[in-house]
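The values are calculated or read from the model by the stated rules, or taken from the named source; none is laboratory data. Predicted model, so just to flag it, every value in this text is computed and none were measured. Cβ sites come from the backbone with ideal geometry, for glycine too, and all protein chains shown count toward neighbours.
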Amino acid sequence: MDLIMDTKPDLLAIRRDIDALDANLRELLKARARLVAKVAASKAQSGDARALRPAREAAQLAELKLWQETQAPELPLAGLTAIWREIIGMALHQQGGLTIFATPEAMAPARAYFGASLDYQLCADAKAVQSAISGEPRAVGVVRKDQAQDQTGEPANEPAEGVVMFAELPSADASQTALCYGTVAEEASR
């Protein structure tokens, strides 16, 4: 019986190691937040109110995917992506926030994409979403793809000037795909 006890891993020691790593992760999040504050100050100084940088986010996500594939295949990409999206949502909140206007059918994919840290407003339909984000650099509209297009596949409502469709949020059911609209910065991915 003692032999079996001696070969078991010391769960208390392993849990202490996990707790130490968790503490390190929290410190890294604080360090990241300090850098985000510097980004926010720089944007404020330049007068750039646009919160979204889709090209940068796409490059970061590509790096995350490559890292997962080559160095951490045991970690599910879906979980890593969800964690990363929450970190980005926290950074957007820290930089002055973002209001997400969505139709009821698009609210779930909007929350999954932008995370829990932002403000969400429900709109009755795609037209109300487009109206809510018009002229608002800190607003994003999310509508289901079939709500954003007419029967020919053309946009049902033209976005306001400066507003572009910048992301397509996939779902298990292709008919549930959602489109994101907003005023985004055009910049290099880095």
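Table: residues versus (1) at pLDDT below 95; (2) more than 26 Å from Gly162 (Cα to Cα); (3) of a type outside the set (D, E, K, R).
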{"position": "Lys43", "(1), (2), (3)": "yes, no, no"}
{"position": "Ala49", "(1), (2), (3)": "yes, no, yes"}
{"position": "Pro73", "(1), (2), (3)": "no, yes, yes"}
{"position": "Leu77", "(1), (2), (3)": "no, yes, yes"}
{"position": "Ala132", "(1), (2), (3)": "yes, no, yes"}
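Suppose the filter is over 30 Å from Ala148 (Cβ atoms) and not assigned by TED's automatic domain parsing to the domain that holds Glu136; does Ala13 pass it?
When the stated conditions are applied, Ala13 passes them.
Please verify whether segment 65-74 includes one or more residues that are in the same structural domain as Val142 (by TED's automatic domain parsing), buried (at least 17 other Cβ atoms within 10 Å of the Cβ) and of a type in the set (Lys, Arg).
For segment 65-74, residues in the same structural domain as Val142 (by TED's automatic domain parsing), buried (at least 17 other Cβ atoms within 10 Å of the Cβ) and of a type in the set (Lys, Arg): absent.
If the Cβ limit is 9 Å and pairs must be 6+ apart or interchain, which residue in segment 103-130 that is closer than 16 Å to Met165 by Cα and in the same structural domain as Glu168 (by TED's automatic domain parsing) pairs with which residue that is of a type in the set (Asp, Glu) and surrounded by fewer than 19 Cβ atoms within 10 Å (Cβ to Cβ)?
Taking only residues 6 or more apart or on different chains, the pairs are Thr103/Asp125; Gln130/Glu158.
Could you tell me how many of the residues in segment 44-80 are in contact with a Lys or Arg (Cβ under 8 Å, 6 or more places away or on another chain) and in a helix (DSSP H, G or I)?
Of the residues in segment 44-80, 3 are in contact with a Lys or Arg (Cβ under 8 Å, 6 or more places away or on another chain) and in a helix (DSSP H, G or I).
Which one is surrounded by the most Cβ atoms within 10 Å (Cβ to Cβ), of the residues in segment 142-183 that are among the β-branched types (Val, Ile, Thr) and at pLDDT 80 or above?
Looking at residues that are among the β-branched types (Val, Ile, Thr) and at pLDDT 80 or above, I get Val142.
Which members of segment 70-85 meet the condition of being farther than 16 Å from Gly115 by Cα and of a type in the set (D, E, K, R)?
Glu74
Test Ala59 against the criterion of being farther than 18 Å from Gly115 by Cβ, surrounded by 10 or more Cβ atoms within 10 Å (Cβ to Cβ) and either in contact with a strand residue (DSSP E or B) (Cβ under 8 Å, 6 or more places away or on another chain) or in contact (Cβ under 8 Å) with a residue 40 or more places away in the chain (or both), and give yes or no.
yes
Looking at segment 27-50, I want the residues that are closer than 12 Å to Ala91 by Cβ and have a partner that is assigned to a loop (DSSP other than H, G, I, E, B) with Cβ atoms under 7 Å, at least 6 apart or on another chain. Which pairs are those?
Val36/Gln95; Val39/Gln95; Ala40/Gln95; Ala40/Gly96; Lys43/Gln95
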